[in-house]
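Read the structure below first, then the notes.
Read-outs throughout are calculated quantities, based only on the coordinates presented, and are distinct from any laboratory measurement. Just so we're clear, the structure is a prediction, and the values are computed from it rather than from any experiment.
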Amino acid sequence: MSFQFESLHAFLAMDGHGIFVWSVMGISLVVLIALVVWPIRAHRQALQEQQRLARIAQARQAQQAGQSH
């Protein structure tokens, strides 16, 4: 088994194309992380909004029940 590159520096440089290859790898990694994080955050925010609306509804019901007596 032989390696394509002679050293770690040669691997990172990739015959002068390293800046393009590694920048694309970095951008791809950021996009993949965002595709995981954004839906999780949106779900968490939706749950918090539902809890907030439920508390408001309970407070209104308690207020209406107190006014009817």
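So the values come out like this:
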item: Kirkwood Rh and Cα Rg combined as Rg over Rh, evaluated for the chain; result: 1.59
item: Spatial separation of Cα centroids for segment 10-25 and segment 38-53, in angstrom; result: 40 Å
